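This report refers to the structure that appears directly beneath it.
The numbers here are math on the coordinates, done by the rules we state, and not lab data. Since the structure is predicted, the reported quantities are computational estimates derived from the model, not experimental observations. Here the Cβ is made from the backbone with ideal geometry for all residues, glycine too, and neighbour counts use every protein chain on show.
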Amino acid sequence: MNEIHYGRIYNKSLFIFSIFTLLLIFFVMQPALAISPGNGGVNTNTKSVVTTLPILSKPATVNNLSAANAVSSTNTCPCIVFRLDGVQGSYLSDIQMKIMDVFQKKNASLSIGITGYNLTQDSKLVSYLQNNLKPGHTAIEMANHGWRHEDFATMGLSQQITLMNKTNQELNKMFGKKPNAFLVPYGMYDNDTLKAIKQLKMNVISSSMWSEDKFVLVKGKITANKDSLGLYHIPSMTEFESDTGNETYWTNIPKDRVIDSINSHITKYGYDVFLIHPQNFATLVNGQYINTVDTTHLDELASIIDYVKSKHIHISTISEIAGLDRVSVSPVVKPVATTPKPVNATVSKPSSDVDVSNSVDSTEPPKVVKYVEPNGSLTMNVQYPSADPANARMLSMKIYRDFDTKPYMELPTVSDNPYTVTLPMYHQYKIQTFVNSMLSSVNLVTLDSGNQNTDVNIPWGGTILVSAYFDDGQTPISGASVSIRSQDNKTRATGVTGSDGSATRFSLPSTNDDSNYYIVDVKINNHLTFSSDHVTLQPESINKIKLVAPWHSMIENLITVKVYNQTKVLPSNGQTYAVQMYDDQGNKLSESPVNIHGEGYFWSMQVGDYVFKVVKASNGTVLGNMFVTVDGTKNNFDMTIQNHASTAKPVLN
């Protein structure tokens, strides 16, 4: 009886143990099953890797959006990301801040794509961002949007890394942190873009939906599509306005269609990325967007934010969607090649028909065969947007091979346009073309044929207008020399100011790289020079430069010239001597007698270069000259004449 009882207990325990084991196996196997190819996971024919969002631990079922009424938190969805592209300095900055104000007032998160170029020049925008990035404010996530909003899909890897890194460094310098996400300008990217993002230790790419073929859904759950490099792809889906002009002109989309798009994407994917630009909320005047808010559009944006809140849709950021807030990001470490340790081995004697040049017991040195790369010719046709050729005398080039940081070939001058160079074939070359030392074009060319042509397109130049004034900013400086030099200290243009202080128009190559700039120098006579800060010039633009001198137009203080005959003051007896004043052109301006103290006096003088001459008053004989520059910093000048025998009687004190 006891054996039967113990047998039943044993059988029951075995049954419970079996059930427990099956459950344990099921839970262990579940993650692997969840990412099988049939469920949207790793497919042997594709590189895409799909993982469930780490941060979204409790994704909501969103088949019926109206039913998603549960109280949301930072770990639940449905979600929406508002993505503001094109945040930049000195362009529609008031609009940008008004947009961000809306999100601050609504307590709604926002992801902003910032271009680094010119940002530091807009102190108002920088101060606004620094203040609103502090704790206690609604979350604003900074993201990299390129340096000058470039088309990254047209560039090589090294150039993409350089531009992204410049913006990262700029943001880190101003805000104390680097971005996690790269928001793709124009929505287009290539494999090099992904490599650049990874190398710079960012983890999210947000392109446009129509160009992102790696964005998929797994069993209706919220997913962040993590590719083979470990990057999350979070594309934009809904736009506030439709781009009809390569991000230069937008047309309105009715609000009900915008709402339908948001609902559709949240129903399908669990979240939506809503794309806006500053131009969408700027007033359009004569085909140009100006820095005045279109309040109608701004109110419409506010109402969309209110709508998603009313539906309990969590307003998130790009990085939250990708789960970066809960993921430890490890740096990418490239494997280091090491020298293998020698291995002791017994080598049998090879037969006579075996090549022993690389055998370990060979007594003969290995034969070194030098591979000679075949050369090909590359002809570069440098042209403007009108297809007109550029003047060869203005051109210079630097050619880099593959990913070298030093030029493979430098061409300080180009003899002709088109210009042909001979290069080893089967390499990629980066060609930097300079117009009057200004970097105007960067081309990537793979030389894979014996004779190859490429068009080098350079932008139009711009115009610099210079005007010069004295320190009151109103009195023009006429007759001043104006010169414009490039960053390599070479003079590129010269002119003279007219009666209104303005010089002629200067047509110059545009500055398309942050290392390129101009400096404007204004010179009064030969010794008084003042200069501008670095001047940039956009293609087909007019840059008006107003320079204000640090000097008054007139020196009202008394100017004294004291004359010495060797070491003694030159005496005056009945106005025997005089001091004459001439301008730098030799024109006599004024004359003063020398008093008993050997002094001549002048007043109400303009700043500039002058010549003082000491003469005999009786016959005008010149006894000595002195060249001076009068700028108001010195009012007393001493002048010495040598070995003059005076006929004047001594003065008794």
- line: Neighbour-count ranking for VAL414, VAL126 (other C-beta within 10 angstrom, fewest to most) reads VAL126, VAL414
statement: For VAL456, VAL204, ascending order of other Cβ atoms within 10 Å (fewest first) is VAL456, VAL204
statement: Checked the stretch 462-548 against the a/c 1.5 cut and the a/b vs b/c comparison, axes a ≥ b ≥ c from its Cα gyration tensor; verdict prolate
- line: With T = 4 °C, eta = 1.567 mPa s and Kirkwood Rh from C-alpha pairs, the Stokes-Einstein D of the stretch 386-431 in µm²/s is about 110
query: Using the 10 angstrom Cβ neighbour count as an exposure proxy, how do PHE530, PHE627, PHE82 rank, fewest first?
result: PHE627, PHE530, PHE82
query: Stretched out fully, how many nm does the piece from TRP460 to GLU540 gain, at 0.36 nm a residue minus the Cα gap?
result: 28.2 nm
- prompt: Give or take rounding to whole Å, what are the principal axis extents of the alpha carbon atoms in the stretch 375-457, in descending order?
  reply: 30, 25, 21
- request: Pull up all non-local amide H partners of TYR564: gap of 5 or more, or a different chain, and H-to-H distance under 5 Å with H placed in the peptide plane.
  value: LEU570, MET639, THR640, ILE641
- prompt: Taking a threshold of 28 Å on the Cα-Cα distance, which of the pairs LYS166/LYS398; LYS166/LYS255; LYS546/LYS613; LYS124/LYS173 fall above it?
  reply: LYS166/LYS255; LYS546/LYS613
statement: The Kirkwood hydrodynamic radius of the stretch 554-641, taken as the inverse of the mean 1/r over all distinct Cα pairs, in Å, comes to 12.9
